[in-house]
1. Kindly express, to the nearest 10 degrees and within the range 0 to 90, the angle between helix B:287-300's C-alpha long axis and the longest C-alpha principal axis of chain B.
2. Per residue of B:517-530, how many C-beta atoms from partner chains lie within 10 Å of its own C-beta, taken as a mean?
3. Evaluate peptide A:145-157: per residue, the Cβ atoms of other protein chains within 10 Å of its Cβ; return the mean as an integer.
4. Per-residue counts of other Cβ atoms within 10 Å, averaged by peptide: what ranking do you get for B:182-190, B:468-476, highest first?
5. With θ set to phi - 60° and the Karplus curve 6.51 cos²θ - 1.76 cosθ + 1.60, what are the ³J(HN,Hα) couplings of region B:343-356 in order, to the nearest whole Hz, using x for Gly and Pro?
6. Using the structure shown, list the pairs from B:282/B:502; B:336/B:428; B:428/B:498; B:416/B:498; B:282/B:336 with a Cα-Cα distance above 22 Å, or answer none.
7. Please determine, in degrees from 0 to 90 and to the nearest 10, the orientation of helix B:2-17 with respect to the longest principal axis defined by the Cα atoms of chain B, where the helix direction is its Cα long axis.
8. Per-residue HN-Hα couplings for region A:21-35, Karplus 6.51 cos²θ - 1.76 cosθ + 1.60 at θ = phi - 60°, whole Hz, x for Gly and Pro?
Amino acid sequence: MKGWIQELPRQEFAFQGRGPGFSLLLKRNCSISPAGLMWAYGAIAAVTLGVAAAFAVLGAWMVLPFAGIEVVALGIAFAMNGRHAADYERIQLAGGRLLVEVCESDSVRRHEFNPARASVMVAGAGHGMRIMLESPGRSLEIGRHLHERARLELAGELNRRLRN
Amino acid sequence: MSAVLDDHGHDHGHDDHHHGYSGIMRWITTTNHKDIGTLYLWFSFTMFMVGGVMALVIRAELFTPGLQIVNPDFFNQMTTMHGLIMVFGAIMPAFVGFANWLIPMQIGAPDMAFARMNNWSFWLLPFAGALLIISFFMPGGAPGVGWTMYAPLTVQMGIGMDFTIFAIHILGMSSIMGSINIVTTVLNMRAPGMTLMKMPLFCWTWLITAYLLIASMPVLAGAVTMTLTDRHFGTSFFNAAGGGDPVLYQHIFWFFGHPEVYIIILPAFGVISQIIPAFSRKPLFGYASMVYATASIAILSFIVWAHHMYTVGMPVTGQLFFMYATTLIAVPTAAKMFNWLATMWRGSLTFETPMLFALGFLFLFAIGGFSGLVLALAAVDIQLQDTYYVVAHFHYVMVAGALFTAFAGIYFWLPKWTGRMYNETLGKVHFWLSMIFFNMIFFVQHFLGLAGMPRRIPDYPLQFETWNKISSIGAFGFGLSQLLFLYIVVKAITSGEKAADKQWEGADSLEWTHLPSPAPYHSFETPPVVK
Ligand code: HEM
Ligand SMILES: [Cu+2]
C-alpha cells in the first residue's frame with residue numbers, strides 16, 4: 001500500500017480559469033454515490049427483513065419488529081447523511097459578474113453580486129467562525145463546506161482576486 | 001528537561017480537549033471518536049477483569065473433584081455470566097474501541113459520521129454491564145442458564161433473567177448504533193482517492209462485520225424478547241408446557257450465534273492484517289483475496305448454524321448439509337492464513353510485542369480452526385458435543401484468536417494513541433506468560449473432552465483430576481499475567497518514552513504516515529488526498 005498517498009495539498013479549494021475570471025467549486029467530501037448508497041442499503045435491508053420474515057413464517061414473529069425498527073433507523077441515518085451529499089457552492093467571476101450558486105438538499109439558489117462592490121468579511125473566530133460575502137445591503141455565507149482554517153484562506157484569496 | 005516539555009505538551013492537549021467541559025463531564029459528553037475509542041477500550045478491560053474473576057471462581061471450584069467453594073447453582077451463574085460478559089462486555093467492545101480510534105484516521109475522515117450517536121452507543125454499555133451484575137443480587141441470583149440462554153430453563157429462572165434480557169437488549173442497541181455509524185463512515189467519509197479497495201484491511205473487516213451485526217442482531221433481540229414474553233405474558237414460543245418449541249429457540253439463537261463468532265473474529269483478522277505486514281516490511285500479500293475471503297466467510301456464516309445442534313435430532317441430510325457448509329468455511333479461512341504466511345515469506349521480520357502476539361494468534365488460531373473442523377463432522381461431534389473439547393475449541397478461537405489480537409493491537413497502536421512507548425521487555429514477558437498459561441489452561445481441555453468430561457459441571461469423577469489441576473493452575477497464572485498487562489499500559493501512558501510519529505518502520509496506513517504521535521485530538525479535518 002506504499003506509494004498511494006501523496007503529500008497533503010495545503011489548500012482544499014482550487015480556482016479554475018485564467019485571466020481576470022475564475023470559477024471555484026466547493027463541496028462536501030462524499031465518497032459514495034447516491035446510487036451506491038442505495039445498493040448498500042437495499043442489500044442489507046433485504047437480507048435483514050428476509051431473515052426476519054423467514055423466522056416469522058416459522059412462528060418466531062418477534063424478530064420482525066426489531067428488524068423493521070433497525071432497517072428504518074439505518075434508512076434515516078443514510079438519508080440524513082445522503083441529503084446533503086450533493087451540496088455544493090460554486091463561486092464564479094465571469095464577464096464582470098460575480099455569481100454564487102448554492103445547492104442544498106434539492107434546491108439550487110443563485111446569487112449575483114457586483115464584483116466591484118463585493119468583499120469577504122470574517123465573522124467570529126475560532127470554532128464557529130464564518131465568512132460572509134458582502135456588498136452594500138446584502139450578505140451571504142460562503143465556504144460552509146470548508147474547515148475554519150481553509151475558510152480564512154479562502155476569504156483572503158477571494159478578496160485578493162476581487163481587488164484585481 | 002523532558003518533564004518540562006511534557007508538561008507543556010499536556011497543557012496544550014488539555015486546552016484542546018476542553019470545549020466547555022472538564023473532568024468527568026468531558027468523558028460523559030464527548031463526541032470525539034478518539035475519546036470514545038478510549039472509553040470503549042477501558043470499559044472492555046474492566047469487563048475483562050470482572051469476567052476473569054468469574055472464570056477464576058470456576059477454575060478454583062474445578063481444582064479438585066467434589067464441591068468445595070461454591071454451590072452448583074452459583075457455579076452455573078458464574079459460567080453464564082462469565083460467557084455473557086466476555087463476549088458482549090469484553091471482546092466486542094474492545095474491537096468497537098479499535099474501530100472508533102482507527103477507522104476515521106485510516107480513511108482520512110475527521111470523525112465518525114454520527115458523533116453524538118457514537119456517544120450514546122458507548123454510554124449504553126455501562127448500564128447494560130450494571131444490569132448484568134445487579135442480576136446477582138436479585139432473588140434467585142443471576143440466571144444459571146448458560147450464555148446460550150436455552151429454553152425451557154430460561155422460562156423457569158428468577159427475576160435475574162429479566163435483568164439479563166434487558167441487558168442484552170441494551171447491548172444490542174449499542175451494537176446497532178455502532179454499526180450504523182461504522183457503515184456510514186466507511187461508505188461515505190473516505191478521503192478523496194481512498195477507494196474501497198485501497199482501504200486498510202481493518203476498515204474492510206469492520207465494514208463487513210457491521211453488516212453482519214445489522215443482519216443478526218434483530219434475531220438475538222427477537223429471541224430474548226420471546227423468552228421474556230414466554231416468562232411473563234403468557235406466550236408459548238419456546239415453552240413446551242404451552243405447546244411451544246424449545247428447539248426453535250436453539251435455531252434462532254444459533255442463527256444469530258454463529259455470525260456472532262465472526263463478528264468477534266473478523267475485526268481481529270483486520271488487526272492482524274495491519275500488524276503482520278508492518279513487521280514483515282512488506283505489503284499484505286493478496287489484499288483483494290483477503291477482502292473476498294472476508295466477505296465469503298461472512299456470507300457462509302449464515303448457513304452453518306445447526307452445527308451447534310447435531311445432537312438435538314435432525315435428518316441425516318440436514319446433518320450433511322451443515323457439515324459440508326461448515327467445512328466450506330475452512331476454505332476462505334485457510335486462504336487468509338496462507339496470505340499472512342506469504343506476507344511474512346522473505347520479509348525482513350522483527351519480533352516486537354505486537355508481532356509476537358500476532359504470531360501467537362496465527363499458531364493458536366490454526367489449532368482452534370482445526371478443532372472446529374473436527375467438531376464440524378457430525379459423527380464426531382455427537383461424541384464431543386457439550387464436552388470440554390468444545391470449551392477448548394472456542395477458547396482457542398476467542399482467547400487466542402480475538403483476545404491475543406486485541407493485545408497485539410493495543411501494543412501496536414499505543415504509541416500512536418498516547419505518544420508514548422510501552423516497555424518492550426515487559427511486553428515480551430507478558431506475551432510469553434500469556435502464551436504458556438493459555439495453553440496450560442486450554443490445551444489439556446482437549447484431553448478432558450475426548451475422555452468424556454462434560455462442560456458446565458461443578459464436580460467431576462476422579463479420573464479427570466490431573467488435567468483439571470493443571471488447567472486451574474494455568475488459569476490463575478493467566479489471570480495474574482494480565483495484571484502485568486495493566487501495569488505495562490499504565491506505565492506507558494504515565495511515563496513511557498516518547499514514541500516516534502512512525503513508530504513502526506513498516507506501518508503504512510494514514511494514521512502512521514500522516515499524523516504525529518500522539519494523534520492530535522482533531523485529525524484530518526481537511527481530508528488528505530490519496531493517490
Ligand atoms: C474454522 C472455523 C470454525 C469451525 C469449523 C467451527 C466449528 C464449530 C462447531 C462445529 C461448534 C459446535 C461444537 C458443539 O457444540 O458440539 C463450535 C462451537 C463454538 N465455536 Fe466454533 N468454529 C470455527 C470458528 C470459530 C470462531 C472464529 C469462533 C469465535 C471467535 C468460534 C466460537 C465458537 C463458540 C463460542 C462455540 C461454542 C458455543 C457453545 O456451545 O457455547 N468458532 N464451533
Ligand atoms: Cu458455529
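Just so it is clear, none of the values below were taken in a lab; they were calculated from the coordinates. Small disclaimer: the values here were computed from a predicted structure and weren't measured. Cβ atoms come from the backbone with ideal geometry, glycine included; neighbour counts cover every protein chain shown.
1. 30
2. Details: counts 0, 0, 0, 0, 0, 1, 0, 3, 6, 10, 5, 5, 6, 4.
Average per residue, whole number: 3.
3. On the way: counts 0, 2, 6, 1, 2, 2, 0, 0, 0, 0, 0, 0, 0.
Mean inter-chain Cβ contacts per residue within 10 Å come to 1.
4. B:182-190, B:468-476
5. Once rounded to whole Hz, the list reads 4, 6, 3, 6, x, 8, 7, 10, 10, 6, 3, x, 5, 4.
6. Details: B:282/B:502 16 Å; B:336/B:428 26 Å; B:428/B:498 19 Å; B:416/B:498 10 Å; B:282/B:336 16 Å.
Table pairs above 22 Å Cα-Cα are B:336/B:428.
7. 70
8. Coupling constants for region A:21-35: x, 7, 9, 9, 10, 10, 9, 5, 7, 8, 9, 9, 6, x, 5 Hz.
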